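Working notes for the structure below.
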Amino acid sequence: MGKSIESIWKQGFLEDSVMVVPKLNNLYDQKSIHIIDKFKRMFKINLNALVIFSFVVLPISFFMKIPVMGILMFILLNVIVLINRRLLKSLNNIDKNVNCYEYLKSFDNWMKEQISINKKMYQYIYPYIFLTMVFGFWFSEPFREALNKILGDHQVFLVYGIPVFWVLGILLIVILLAVFGGRLYKLDLYLVYGRVLRKLEELVIDMEDLRT
């Protein structure tokens with residue numbers, strides 16, 4: 001009946017003269033390029049969306065009388081974009097003049113490095129976002145007025161005018177966000193890029209199986 005696809009692939013990695021192999025190589029080349037190009041497009045779109053969102057949040061925060069939150073979020077979002085644009089620039093340096101397997105492996109290694117860097121960052125970013133919201137409301141005049149009313153209507157343990165148990169609760173949330181920040185980042189990552197990453201993983205596994 002002839003050779004199976006698997007046997008053709010295994011032989012094809014060693015014998016460039018096999019007629020079917022160039023077609024299969026071309027198929028995998030197209031698949032790998034499609035996956036990586038799709039990721040690049042999504043990555044750029046998300047970075048641009050963060051920049052736009054930062055410029056939307058800033059004036060809205062002043063309108064809502066929570067400027068501290070808007071300024072801190074503006075700085076954070078643009079720092080995230082700056083770091084990830086540098087990572088994206090390094091992705092463009094991957095050599096495309098290699099076979100599809102090596103190209104995919106290079107991208108896979110870049111992806112792991114990018115995830116590792118962002119995972120460490122988000123252990124600080126999530127607590128930062130939470131504290132930005134806290135400070136934003138704390139320095140907001142409408143919120144302070146509402147807080148004074150609450151404190152006036154209820155018995156709250158205060159030290160120098162600061163609600164101690166509220167502060168302890170905030171510290172607890174900050175610690176939890178720092179501990180689980182990396183996991184939250186990976187959850188966000190797979191919600192956005194999960195389909196592309198699964199296809200990449202499947203393609204790399206298929207090609208490694210055929211090479212053995």
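The values are calculated or read from the model by the stated rules, or taken from the named source; none is laboratory data. In this text the structure is predicted, and so the values were computed from the model without any measurement. So basically every Cβ, Gly included, is an ideal-geometry build from the backbone, and we count neighbours across all protein chains shown. In case anyone asks, the SASA skips ligands and DNA or RNA and just uses the protein heavy atoms, side chains included. Shrake-Rupley method; radii C 1.70, N 1.55, O 1.52, S 1.80 Å.
What do you reckon, is TYR122 at pLDDT 90 or above, of a type in the set (Ser, Thr, Tyr), surrounded by 13 or more Cβ atoms within 10 Å (Cβ to Cβ) and touching a helix residue (DSSP H, G or I) at 6+ places or on another chain (Cβ under 7 Å)? So TYR122 fits the description; yes.
Per-residue answers, yes or no, for (1) among the basic types (Lys, Arg); (2) more than 30 Å from LYS120 (Cβ to Cβ); (3) at pLDDT 85 or above:
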{"position": "LEU147", "(1), (2), (3)": "no, yes, no"}
{"position": "LEU151", "(1), (2), (3)": "no, yes, no"}
{"position": "PHE157", "(1), (2), (3)": "no, yes, no"}
{"position": "PRO163", "(1), (2), (3)": "no, yes, no"}
{"position": "TRP166", "(1), (2), (3)": "no, no, no"}
{"position": "ASP188", "(1), (2), (3)": "no, no, yes"}
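The set of residues from segment 169-191 being among the hydrophobic types (A, V, I, L, M, F, W, C), open to solvent by less than 70 Å² (accessible area, probe 1.4 Å) and either more than 14 Å from ILE129 (Cα to Cα) or not in a helix (DSSP H, G or I) (or both) comprises just one member, LEU189. If only residues of segment 101-119 that are of a type in the set (Phe, Trp, Tyr) and in contact (Cβ under 8 Å) with a residue 24 or more places away in the chain are counted, the one that is most open to solvent (accessible area, probe 1.4 Å) is TYR101.
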